[in-house]
Each structure stands twice: as structure tokens, then as C-alpha cells.
Amino acid sequence: MVITMDLLIQDVMIIPEPDTTRIFRANIVIEDNIISTIAPNAKIPDPEFILKGKSLVALPPPINSHTHLPMTLLRGYSDNKTLMDWLQTIWEIEGKFDAKWIELGTRLACLEMMKAGTGGAADFYFHESKIGNVLEEAGIRGWLGAGILPSAFVDQGGYEFQLDELKRAIELAKGSSLLKASIAPHSQITVPEEIILKAADLAESYQIPLMIHASETRKEVMDSEDKYGVPPVERLDQIGFFREGTKEIIAHCTWITQREVEILGKHQATVGWCPVSAQKLAYGGVTPVPELRTAGAHVALGTDGTASNNTLDLWREMREASNVISASRWDPALYSAEQVLEDTCWSFRRNFHSESLIKVGNQADLVILNFQAPHLQPLHNIISNIVYAANGSDVHSLIVNGKLLMNNRQISTLNETKILEETEDKIEELL
């Protein structure tokens, strides 16, 4: 049962912004899904539930800026291959993903995300109305990227089915306080340009975000340059992919030029970068995060799918994000812990969800970490400990839209035992 009544969080360390000078200790009162009071001695008559402990730390829950949730069912299925070899193996089995597998994989993904304190995800897949139903059931936020790839899911209707799924996702999101619809053409090299532009038209018409993969590998860039004379992001700009008033999420951008950095900054696009997946699939390049931030693009951390990562743990992703920038650029100060944390817990929210801060009057979205652990002590720098030392298993509780979804690592909205047993029992049927 989800606890939806009035909540009191006592004596918690609060990180309202990724700035060490703003951290303070206080009580937080949540009433009717809104943060009503933040003060050292704040109280509420007869709270339905109390969270307390001096070892607890509260901040906005991370949002996964790019992932493929149902692919939890393919974790470890195809490892140690380059991208195209990996994709051929994955696409072959993904063709079997009907609604029942989509729902099971998404439930497993929601369990994993919630256990790691993730408050929402920008998903990029197919059957997004089914995925949205599971996210709603779990109680976390979702940006439903209805995938457009004419060569995929042909037996289930192909391109026409994908357009129908977009409409279903839009209708589902209309009646939800947690869900937003989006359209997601797969990439500039896998989807014909006329269909990419049709997707951009639909995003503009429906006023929904537009997602796409771009410049994951050097080969993708070379193929685009051979065919069009320019790399992928620059080609998207040439054909009119970016629209005034439309918010774009461009995944990866591992091999982009300074010219493309400036294009993304000019359009204030969001780059969902996934450092662990990029390292595992041996892309060779590194998303130029410092330059993107300077140019005015929004940078937000993602995991990619678990078939290529192989987890949805954004705390692990933060550590890798900082380390890969430092190591590849020979500069450990180029991408600070504060900036990494901002790009994980604040950046995506600021651009796609109007309330990104822990403050009075805002919807109550909080992740509570438990710092009573050897690897999180002492507290010389709390943000350093979060970025470089914390793990998903350090999450104590998760609150989204005022609802206590997980308390002391016990999830209240999903049956963890049942989902794990069902996954174990049914996976052979998929294979």
C-alpha cells in the first residue's frame, strides 16, 4: 500500500541545490503531495508517517535521461561486442517482445530504479503505453519516448503500429500527473529522413519532446559524412530537425564536433549521455560535457539500457561520468562533483519538469540516502561522498509526488518477490 497521507521527515540533512554552501539540517513536512514546511522544528499534527535519523540526507531524486526500460530482460544476454554486432543480436530477440514481455521487463526496471532512488526516466522504446501503465503503477515519473524505427516490430505492425502507440502514449499522459509523452525516431542513420522530419512535425504539433540517438560511434559519423558531407547532429540541423518551442533529447553525442556542440547549445537541446554504456560498447569517444555546458546545452546523465550498461544505478553512473572526463582530458577539475550531481538530480528536472528544487510549495519529490555506512564516512564533503562513494544500495527511502514509494528499502507499490520470481520462471520462454 502506498502511503499518501501527511509525512514528517525529521532532522534530515537537505541538499536543495548542488552547492555545498546551501546544505542545511531541518525537518520537512509534506501535505497533500506538496512540501508545506521546511524548518528546524517543523511539526504536523498526527502525521501518518515519520522518517527520522541524523544519518539521513535528502535531495531531489535522480532522473534517468536516457534508457530502454524493458531491456532489463536482456541484461547479460549479449556482452563484449561492438555496437553493430551487439545490435544485431539484440534486435533478433527484441522482435519477440510483445506486451507481456514489455510489462515484465518494465516492472523489473522499476524495481531496480526505485531501489536505487531514481524518481523517473526518459524511456526510449516501443509499446510505450504499456510502459507508462507500469510506471504509473510503480508511482515514478516517466517521459514516454514512443520509438519510431520502421524496420522494427514489423510482425506487430511496424511503422503504423509505432504511430498508433504514440497516440496511445499521448492519451495516457493526458490523464496522469506522472507521465509525459514523447516521440523518438531511432537515429539519423537507421530512420529515413522524411520519417525523422515527420516525427519532428508531430512533436511540434502535439507540443511534446523529441528524442533521437546521435553520434554514438565513429563509424556512424563517418557513414553520415560519406552520405551527406556532414556528421549526424549537423545533418539533423540542416534538414530542420530542431524546432522553435520543441525540446529535444539527443542521446549519447559521443563523437561530436565543436560545430555540433554549438548547434546543440544554440537550440538548448538536452544531451542524455551514458558513460558506462559508452565504455562497455567501446565507442572510443567521450561526450564533450564541459563544452556542451559552456555552449548552453542541457546535460543530463543516463544509463542507456541494461543490455549494454548493465545496471540502472545512476549513483554508479555519476562516479564513472566524473572519472571518464578527468581521465580522457587529463584534468580532474574539469567536471566537478557538484556539476555531476547537478546533471543527475537537477538538470533534466529543470528543463522537463517545472519543479526541480526542494522548497516550500513544490511537489514533494525526494530521495533519502542513509549515510550510516563505512564508505560514506567521514563527511568532509557530502557531495563528494555522494558522487564518488555512494551506491544505489545506500538509498533509504523514495518519495515521488508526495507518495512514500519506498521506506527503508521496502517498496510499497510493486510486489518485489512476485516480479523476481516471474522473471526467473519466464525468461526461458523468451529465449
Within the stretch 209-223, does at least one residue satisfy the condition of being within 22 Å of the chain's Cα centre (by Cα), over 21 Å from residue 151 (Cα atoms) and modelled with pLDDT of 95 or more? yes
Yes or no: residue 78 in contact (Cβ under 8 Å) with a residue 40 or more places away in the chain, surrounded by 13 or more Cβ atoms within 10 Å (Cβ to Cβ), part of a strand (DSSP E or B) and not aliphatic (A, V, I, L, M)? no
Go through the stretch 200-246 and report how many residues are in a helix (DSSP H, G or I) and touching a residue at least 24 places away in the same chain (Cβ under 8 Å). 18
Name the single residue that is surrounded by the most Cβ atoms within 10 Å (Cβ to Cβ) among those in the stretch 269-285 being assigned to a loop (DSSP other than H, G, I, E, B) and under 18 Å from the mean Cα position of the chain (by Cα). 274
Which of (1) in a loop (DSSP other than H, G, I, E, B); (2) surrounded by 23 or more Cβ atoms within 10 Å (Cβ to Cβ); (3) at pLDDT below 95 is the odd one out, the single condition residue 254 does not satisfy? (3)
From the option list 48, 103, 94, single residue qualifying as in contact with an Asp or Glu (Cβ under 6 Å, 6 or more places away or on another chain), farther than 30 Å from residue 379 by Cβ, in contact (Cβ under 8 Å) with a residue 24 or more places away in the chain and surrounded by fewer than 24 Cβ atoms within 10 Å (Cβ to Cβ) is 48
Is it the case, given these coordinates, that residue 306 is in contact (Cβ under 8 Å) with a residue 40 or more places away in the chain, crowded, with 24+ Cβ neighbours inside 10 Å and more than 28 Å from residue 204 (Cα to Cα)? yes
Looking only at the stretch 172-186, decide whether some residue is at pLDDT 95 or above, touching a Cys at 6+ places or on another chain (Cβ under 8 Å) and part of a loop (DSSP other than H, G, I, E, B). no
What number of residues within the stretch 1-42 satisfy the criterion of being part of a strand (DSSP E or B), modelled with pLDDT of 90 or more and of a type in the set (A, V, I, L, M)? 14
Do we find a residue being touching a residue at least 24 places away in the same chain (Cβ under 8 Å), crowded, with 22+ Cβ neighbours inside 10 Å, among the β-branched types (Val, Ile, Thr) and over 16 Å from residue 273 (Cβ atoms) anywhere in the stretch 379-396? yes
In this structure, is residue 249 in contact with a strand residue (DSSP E or B) (Cβ under 7 Å, 6 or more places away or on another chain), outside any loop (DSSP other than H, G, I, E, B), buried (at least 24 other Cβ atoms within 10 Å of the Cβ) and in contact (Cβ under 8 Å) with a residue 40 or more places away in the chain? yes
Could you please find all residues in the stretch 173-199 being free of Cβ contacts under 8 Å to residues at least 60 places away in the same chain, of a type in the set (A, V, I, L, M, F, W, C) and in contact with a strand residue (DSSP E or B) (Cβ under 6 Å, 6 or more places away or on another chain)? 173, 179, 181, 183, 191, 196, 199
Could you please let me know if residue 144 is over 14 Å from the mean Cα position of the chain (by Cα) and either in a helix (DSSP H, G or I) or in the same structural domain as residue 346 (by TED's automatic domain parsing) (or both)? no
One residue from 338, 355 being charged (D, E, K, R) and within 27 Å of residue 414 (Cβ to Cβ): 355
I'd like to verify a number: residues in the stretch 286-303 that are buried (at least 20 other Cβ atoms within 10 Å of the Cβ) and either of a type in the set (D, E, K, R) or in a loop (DSSP other than H, G, I, E, B) (or both), how many? 5
Return the only residue of 341, 314, 376 being among the aliphatic types (A, V, I, L, M) and in contact with a Leu (Cβ under 7 Å, 6 or more places away or on another chain). 314
Looking at 54, 81 in this structure, which one is basic (Lys, Arg), over 26 Å from residue 409 (Cα atoms) and at pLDDT below 90? 81
So which strands (runs of 3 or more DSSP E) stay within the stretch 326-408 end to end and still have 2 or more residues that are acidic (Asp, Glu) and touching a helix residue (DSSP H, G or I) at 6+ places or on another chain (Cβ under 6 Å)? none
Of these, 155, 123, which one is of a type in the set (D, E, K, R) and surrounded by fewer than 23 Cβ atoms within 10 Å (Cβ to Cβ)? 155
Restricting to the stretch 224-238, name every residue that is of a type in the set (Val, Ile, Thr) and surrounded by fewer than 21 Cβ atoms within 10 Å (Cβ to Cβ). 230
Out of 124, 97, sole residue that is among the aromatic types (Phe, Trp, Tyr) and either within 24 Å of residue 300 (Cβ to Cβ) or in a helix (DSSP H, G or I) (or both): 124
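The values are calculated or read from the model by the stated rules, or taken from the named source; none is laboratory data. Not measured: the values here are computed from a predicted model. Using ideal geometry, Cβ is built from the backbone for each residue, glycine included, and neighbour counts are taken over all protein chains shown.
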